[in-house]
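Structure below; questions to follow.
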Amino acid sequence: MSQIRVEQLLAEHTPALRNFFGARCRDDELTGELLQEVAARLVTAAPRLSLNGNARGYLFRVAANVWHDHLRRDLVRRRASVALEASAATTADPADAPLLERELRTAIGAAVAALPPAQREVVELRREFGITFQEIADRLDRPLGTVLTQMHAALARISAALESYR
Amino acid sequence: MIHPSEDTLLLLAYGELAVEQAAELESHVAGCETCGVVFARLERARVALDDVSRAVPRRRLDWAAVALAVAAVLAVVLLMGPRPTPDRASHWAPTTMSPTAGYMTGGRAMLDIDAQLTQLEQGWGRSYGRP
């Protein structure tokens, strides 16, 4: 994929990407940074890319990964700042990041284990197989609305666990 | 625009809406404080959950590696481990010579050698004794 094609692709989809990030972070400055990150990843990957008519899909997958990475770093950073406030230390140790990530995973894992069985079933099917909610509904023989409500309730509990984790 | 339902926001977070519908919703969420708060909470929980899921296969792999290592150690122990104690009488190999050491440690092998030496000596004695 040529440099010109990369620029064209970015120019064509920047409004949609801005929308994508804007809805998620609601911060213009951060949206700009995340867009730059998408552009950087696209330029890096361009020489070995061959997009057969699915350029938009690829671009949004990159954007989703950039957002995911940002949010994950943010979760750990928030935890680090809380830990820093709690301790008398004056500087954050970057070596703590893997430890904090493990702590986060443990907290989420415990929250999932504590979910009611019906909610956990939906969460596990989504996690293990990555199937759509409609497919989960079909598999569990439940209405789609019920599955969505159960997933929503599960995420609310996980969100509460994240709050207490922070 | 009417606020989207929480189920719709959930489908948006998991990328299960049509492109046009997703774009329309994202425009709304970007400018709506109420939906933005709900969506941000959903996204944080979703990403945290995805992250745990990504970590699971690696943990399984670690256990597989541990199991393989244990199996390898066991195999080595079984192959190189204790062998039957050799029969001292049949496998004795002297390293130092001593007149009595053979009788003390050599057992039957040394006794056989001693008997042959005695026969030779007797033979030599008879030839040397002849006039």
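By average Cβ neighbour count within 10 Å, what is the ranking of A:137-147, B:39-49, B:4-14 from highest down?
The most tightly packed comes first, giving B:39-49, B:4-14, A:137-147.
Can you sort A:Asp74, B:Asp50 from fewest to most other Cβ atoms within 10 Å of each residue's own Cβ?
Listed from fewest to most nearby Cβ atoms, that is A:Asp74, B:Asp50.
Which whole-angstrom value gives the distance between the alpha carbon centres of segment A:32-60 and segment A:102-125?
For segment A:32-60 versus segment A:102-125, the Cα centre distance is 33 Å.
Which order results if A:Phe21, A:Phe133 are arranged by neighbouring Cβ count within 10 Å, fewest first?
A:Phe133, A:Phe21
Give me the one-decimal nm value for the distance between modelled label points at A:Thr106 and B:Leu120, 7 Å along each residue's Cα-to-Cβ direction.
7.8
Also, quick follow-up: Give me the one-decimal nm value for the distance between modelled label points at A:Arg56 and B:Glu20, 7 Å along each residue's Cα-to-Cβ direction.
It is 1.1 nm.
From other protein chains only, count the Cβ atoms within 10 Å of every residue's Cβ in B:11-24, then give the mean.
Taking the mean over all residues of the peptide, I get 3.
Laboratory data are not the source of any read-out in this text; all were calculated from the coordinates shown. The structure displayed is predicted, hence computed values, not measured ones. With ideal geometry, Cβ positions are generated from the backbone for all residues, glycine too; neighbour counts draw on all protein chains shown.
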